[in-house]
Amino acid sequence: MLKFKGFIRKNKNIVTLFILLIISSCMIIFAKTDVMSAPNRIGMSFFAFFQNSTGSVAKWFSNIINSIGKVEELKQELKQAEEELLQYKRISRDIIDLRKENEELKQELELLQDIDFEYIAAEIIAWNTEHNFSTVTINKGQLSGIEKNMPVIAFQGGLQGLVGKIISVGLNSATILTLADASSYVSSRFQDSDYVGLINGRGVNSEYLLMSGVKKHAASEIQYGDIIESSGLGGLYPKGIAIGRYRKIQAKEYDTTLKFEIEPVIDFSRLEYVYILKVTD
Amino acid sequence: MDKGFKLIMLSLLLLFIALLLQSTFFELLKIHNVKPDISLIVLIFIATRKGIMPGQVCGFFLGLLQAFFSGIATGFFALTKTIIGFVFGLTEGTISVSFFIIPFLLAGAATIMKGIISGLVHIIFAIPAPDIWVFILNVCIETVYNAVLAPIIFLLLRNIRFLKPEKSEVY
């Protein structure tokens, strides 16, 4: 026993390193369990207060610097929105009739009602400190009704696009795993041709997402710029939310399926406000 | 209060401030979507000045703080930063951080080391990693960014009293 104590005293630094590495490794292994999620939530809730305060100051500086360019950008967006509004007014009359017809048909076929969502608006207060992961922290949490795995969307350039999902929730803050992250997977489909695939992030600095598992004969039907949206399969993300546009195909002769490079609809580096979807019905 | 404990507490406070600034203010100063790792620069300063024990302990708790800030990857950052704190703690008393070039080289080496260790941790623990070329590009940009900022940060940290070197310190 004395020898052991002597050994530890003599090699204090190495022993401490060994212990810390073991603890860190165990944390990684048990990261997704309840054992680790509880301290994570407590830590997040505590530090979110400081992130919120510092983030507000940073945003103030950012707004001053960006205000000049922002005015021009807003003018462009307003013009685009006005044109789209005129278009939507024209087709809104048809939608009312179609909706009525759809309801009647659904009742006849005894199909389930569409799922309704409540939109919880939140502001981004902090970004991930490392480039290995693509996450953002928002200023709403458990007290605002946010729960783990809720889908998150945003509006950019007049389009609604999928941002990711909630992976961690504190009292007044939550963390979103964006689609750009390498561990993010979304079941998706081409809007026009209905071909299904799986979209996976490629990292923070990658300009594209990767859609894989698409049938080979899709290559003849898909066109550059086609919109890819969430398929609703798996139940995590609702159906019909735009994810990106097809840009390039990756096809090797020996592959049984195709891979596509998808340009995301949402520029994750320019996110300011997001909307968390909460199922109400 | 024990001197060593006080040193670690004050160092952690400094690292916390660095991390806070990194996750908020430095988001505005990104280059090609990569921002500098200010907390890493502070950690290597603490390690080179104060030795192995403060280096590795501060590295471990810095990693935990990062996990709390980002809500993800508990243990991942702690593992990488503990190793970096230990390695740079070995240089205590051997390197003078007064010259411009030393912080530049230290920060560059630390960032490359962080990239290699992170990559290994991704592989060993089967954690999904970014595309390899994206990862390498991010590490390269971050290395240059950290190396350029390190002399300025070291200059600021040299004036902090509890971080001044003392040959007689025992932990």
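Quick note: the coordinates plus some simple rules give every number you see, no bench work behind them. Being a predicted model, the structure only gives us computed values, none of them experimental. Don't worry about glycine lacking a Cβ; one is built from the backbone with ideal geometry, like all the others, and counts go over all protein chains shown.
In a DSSP loop and with at most 13 other Cβ atoms within 10 Å, the trypsin sites (Lys or Arg not before Pro) in the range A:6-95 are A:Lys32. Dividing the mean sequence gap of close Cα pairs (under 8 Å, 6+ apart) by how many residues chain A holds gives a relative contact order of 17 percent. For the range B:3-160, the relative contact order works out to 25 percent when only alpha carbon pairs closer than 8 Å and six or more residues apart are counted. About its Cα centre, the range B:1-102 has a charge dipole of approximately 80 debye under the convention of +1 per Lys or Arg Cβ and -1 per Asp or Glu Cβ, with nothing else charged. Net charge dipole, chain B: roughly 420 debye, given to the nearest 20, about the Cα centre with Cβ charges of +1 for Lys and Arg and -1 for Asp and Glu.
Determine the equivalent ellipsoid of the range B:3-160 by diagonalising the alpha-carbon gyration tensor, then write out the semi-axes as square roots of 5 times the eigenvalues, largest first, rounded to whole Å.
On the way: eigenvalues 103, 64, 47 Å².
After scaling each eigenvalue by five and taking roots: 23, 18, 15 Å.
In this structure, the pairs whose alpha-carbon distance is over 21 Å, taken from A:Lys216/A:Lys252; A:Lys79/A:Lys248; A:Lys3/B:Lys81; A:Lys259/B:Lys114, are A:Lys79/A:Lys248; A:Lys3/B:Lys81; A:Lys259/B:Lys114. Annotation note: trypsin sites (Lys or Arg not before Pro) in the range A:249-281 located in DSSP loop regions with a Cβ neighbour count of at most 14 within 10 Å are A:Lys252.
Computed about the Cα centre, the dipole magnitude for chain A is approximately 2040 debye when only Lys and Arg (+1) and Asp and Glu (-1) carry charge, each at its Cβ. Rounded to the nearest 0.05, what FRET efficiency do B:Lys30 and B:Arg161 have when you use their Cβ-Cβ distance and R0 = 45 Å? Here the calculated transfer efficiency is 0.85. Comparing A:Ser193, A:Ser45, A:Ser220 in a Gaussian network model of chain A where C-alpha atoms under 10 Å apart are linked, the largest mean-square fluctuation is found at A:Ser220. Here B:Lys3 is the anchor, and the aspartates and glutamates within straight C-alpha reach of less than 19 Å, apart from those fewer than 8 places off in the same chain, are B:Glu92, B:Glu166, B:Glu169. Placing unit charges on the Cβ atoms of the charged side chains and taking the dipole of the range B:3-160 about its Cα centre, the candidate lying farthest along the positive direction among B:Leu155, B:Thr94, B:Gly4 is B:Gly4.
Of the residues B:Met113, B:Ile123, B:Leu21, the one whose Cα sits farthest toward the positive end of the charge dipole of the range B:3-160, with +1 on the Cβ of Lys and Arg and -1 on the Cβ of Asp and Glu, is B:Leu21. Place +1 on the Cβ of every Lys and Arg and -1 on the Cβ of every Asp and Glu in the protein assembly as shown, take the dipole about the Cα centre, and give the residue among A:Ser230, A:Ile153, B:Thr74 whose Cα lies farthest towards its positive end. Projecting each Cα onto the dipole axis, the largest value belongs to B:Thr74. Rounded to 0.05, the FRET efficiency of the A:Ile23 and A:Glu118 pair, given R0 = 35 Å and the Cβ-Cβ distance, is 0.30. Exposed loop sites here are GluC sites (Glu not before Pro) assigned a DSSP state other than H, G, I, E or B and surrounded by at most 15 other beta carbons within 10 Å; excluding them, the longest clear run of chain B is B:1-165.
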